[in-house]
């Protein structure tokens, strides 16, 4: 049972034992009025859920909800007003959602155009090299699951990161970082992380990229994340590498490589075989600065759109609350 526990369903549908339908049996109560009343009282209905691991609706409590019963003409007026005002709020929300999507698309387009142009330049610019990723890295490896080598996860200790520990843009989600003991961390020496390691997801949600920061250390990881450690000569900027791995120039290489069993996955060899277009270090840093600025602009636009989306949702709640306060 989720907080959004009331839903309108159009057309024929199959309902299992985890849900129920509510029909009006009183001619004085319009079905559409009842529907909107329940929809507007989801928080109250969710409160009637019992259980910790999985909430289940207490039918007795649910059945005790008092439903206002104005005259049918008033019910019709309330339903008509709700459908009109909520329709306007939904259209407003859809516009803000579209702006947020366009902001994401705009940055993705600039990222892809940048690396496509770099790939084209590599064919005529001697300073831009086409190189195999494994040839410009000190190490490309991965970890393992602690339980497979006799250890358990613990409540606190050494950070243990998984794919779900990062958002799609590579931001650390600290509340989703697991933990292992110092002894386990020592045993999993191969996958001990260092600052500026680049993590690339190779199982499940393939292609998620993150850079390990000092604030995450000490840390370890499992077999779903490839650890890419650039060479000590520092001829490859890690932020440039992250952007490169996020681009369509690399995605077009790994999509055909994916092996699908229960879930899609790539091998470390696949990652090592990625071909990158790498200009001079100064040029890499200039590209990073340009893309950072573009990302900041797009994120500001998206943040404004998300504030608008939240305002539209608050407007919906206010409309529903006002309708049934009468």
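Summed over the range 1-55, the residues that are touching a residue at least 40 places away in the same chain (Cβ under 8 Å) and surrounded by 12 or more Cβ atoms within 10 Å (Cβ to Cβ) give a count of 15.
Rundown of residues vs (1) within 17 Å of residue 224 (Cα to Cα); (2) in the same structural domain as residue 233 (by TED's automatic domain parsing); (3) modelled with pLDDT under 95, yes/no style:
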| position | (1), (2), (3) |
| --- | --- |
| 138 | no, yes, yes |
| 150 | no, yes, yes |
| 163 | yes, yes, yes |
| 168 | yes, yes, yes |
| 175 | no, yes, yes |
| 204 | yes, yes, yes |
| 207 | yes, yes, yes |
| 210 | yes, yes, no |
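Just one of (1) over 21 Å from the mean Cα position of the chain (by Cα); (2) modelled with pLDDT of 95 or more fails for residue 155. It is (2). Kindly provide the set of residues from the range 220-230 that are closer than 19 Å to residue 288 by Cα and either within 21 Å of the chain's Cα centre (by Cα) or surrounded by fewer than 22 Cβ atoms within 10 Å (Cβ to Cβ) (or both), ordered by number. Result: 229, 230.
In the range 135-156, the residue that is surrounded by the most Cβ atoms within 10 Å (Cβ to Cβ) out of those that are within 14 Å of residue 234 (Cα to Cα) and in contact (Cβ under 8 Å) with a residue 24 or more places away in the chain is 137.
Annotation note: of 15, 20, 57, the sole residue that is farther than 25 Å from residue 311 by Cβ and out of contact with any helix residue (DSSP H, G or I) (no Cβ under 9 Å at 6 or more places or on another chain) is 15. Looking across the range 169-204, the residues that are loosely packed, with under 14 Cβ neighbours inside 10 Å and touching a helix residue (DSSP H, G or I) at 6+ places or on another chain (Cβ under 7 Å) come down to 173, 176, 195.
Got a sec? Which of 145, 128, 114 is within 25 Å of the chain's Cα centre (by Cα) and at pLDDT below 95?
145
Output yes when any residue across the range 250-260 is touching a residue at least 24 places away in the same chain (Cβ under 8 Å), buried (at least 17 other Cβ atoms within 10 Å of the Cβ) and out of contact with any strand residue (DSSP E or B) (no Cβ under 7 Å at 6 or more places or on another chain), and no when none is.
yes
Residues of the range 41-84 that are within 17 Å of residue 316 (Cβ to Cβ) and modelled with pLDDT of 90 or more: 78, 79, 80, 81, 82, 83, 84.
Table: residues versus (1) within 30 Å of residue 78 (Cα to Cα); (2) at pLDDT 95 or above; (3) in contact with a helix residue (DSSP H, G or I) (Cβ under 9 Å, 6 or more places away or on another chain).
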site	(1), (2), (3)
285	no, yes, yes
289	no, yes, no
292	no, yes, yes
295	no, yes, yes
307	yes, yes, yes
320	yes, no, yes
325	yes, no, no
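The values are calculated or read from the model by the stated rules, or taken from the named source; none is laboratory data. Here the structure is a predicted model, which is why all the values come from computation and not from measurement. A quick note on method: Cβ atoms are made from the backbone with ideal geometry, for glycine too, and the neighbour counts reach across all protein chains shown.
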